[in-house]
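Shown next, in structure tokens, is the structure this report addresses.
We did not get these values from a lab; they are worked out from the coordinates using the rules stated. Everything numeric here is computed off the predicted structure, so don't read it as measured data.
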Ligand SMILES: *Cc1c(COP(=O)(O)O)cnc(C)c1O
């Protein structure tokens, strides 16, 4: 059997969830959209079900998959409904629903729902992607109240630059949000992972009834590209691993792999690993990207191919055929691999495919 696989540490997932709660003092919706960032939404939801105040997904398809697997409790649709005819299903499955656009307000007013909905009313406080304009926010809130179709409303917005720790934009967005929602007494939700971890100084004292929306931090990866104290307490959940399936001894001056992107500068022992871009390992990871072989750090050499990649074993004489290789996990952080490959850990996790997921600590 091909040795490539991803181990998912559910104990670490629960630890990270508790950290989100502790760091914020608020309720936490575990964001498990996109198949829990590649970690398997159903298994992650099951592992968190006892602790979690609720879950958030991108769309009704993802929510129904969770309900079919027996996941109860709140599930928020982060973009609400895409078409008005989703509303009966939202009602039937008791899903929570973001409202970010005027057409969604119209649809709710016109709908025939009998059980009142739980709505998260989203303001565009400066990200300029989705959300109601600040000047239209109070009126939208009043329309929802008057519609008779809505029982609970949470006030929501989203940060564009919370991962930049020295950038004033999050404070500006928060000020806009607070100004435009002034006088409305309702629970609030603005923080994503970087804001939970990195912005305790924001002029927002979450009440126990408010909500945070941790995503990437649940999976143990830092959203920051620099060291950060709270992020250092996260535990990586996914370990992407495989084995050395072939070893080559090359003299100096020999090329390795497609395009001869690496040429040995010294006599080099090359290990071939059963892992490639078809598994989601980034093809753009350059020579020098860290990997661990039998617990010892070394680096990628040459181009990543579809099913295999090559690593330098020259300085690791006790490694060889069958040695275990960690591509990312507790020793090699996904965020470090991402930085080398000019991407973010979010994308590394979401791109995972073909490798079987093995769950530990369920
Ligand atoms: C995905 C998402 C989150 C989670 O973001 P992280 O950076 O992964 O914590 C929070 N809120 C909204 C609206 C999202 O779409």
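In the elastic network of the chain, a GNM with C-alpha springs shorter than 10 Å, the most mobile of 297, 77, 352 is 297. Per the Debye calculation on the range 212-362 with a single equal scatterer at every Cα and no solvent contribution, log₁₀ I(q)/I(0) for q = 0.08, 0.15, 0.16, 0.18 Å⁻¹ amounts to -0.23, -0.76, -0.85, -1.05. The value of relative contact order for the range 230-357, using C-alpha pairs under 8 Å at least six residues apart, is 29 percent. Binning the alpha carbon pair distances of the range 1-134 at 5 angstrom intervals from zero yields the distribution 2, 10, 18, 19, 18, 14, 10, 5, 2, 1, 1, 0, expressed in whole percent. Taking only Cα atoms and a 10 Å spring cutoff, compute GNM fluctuations for the chain and point out the largest among 93, 39, 128. Maximum fluctuation in the GNM of the chain, among the listed residues, is at 128. Which residue fluctuates the most in the chain, going by a Gaussian network model with Cα springs under 10 Å, if the choices are 85, 294, 51? Checking each option, the largest mean-square fluctuation is seen for 85.
Once you keep just the Cα pairs under 8 angstrom separated by 6 or more residues, what percentage relative contact order results for the range 151-290? The normalised contact order for the range 151-290 reaches 16 percent. Working note: Debye formula, equal point scatterers on the alpha-carbon atoms of the chain, no solvent; log10 I(q)/I(0) at q = 0.09, 0.10, 0.12 Å⁻¹ is -0.57, -0.67, -0.89. Look at the alpha carbon pairs under 8 Å that are at least 6 residues apart: their mean separation over the length of the chain gives a relative contact order of 19 percent. Stretching the chain fully between residue 250 and residue 339 yields a gain of 29.1 nm (0.36 nm per residue, less the alpha carbon separation).
The DSSP beta bridges internal to the chain are antiparallel in roughly 50% of cases.
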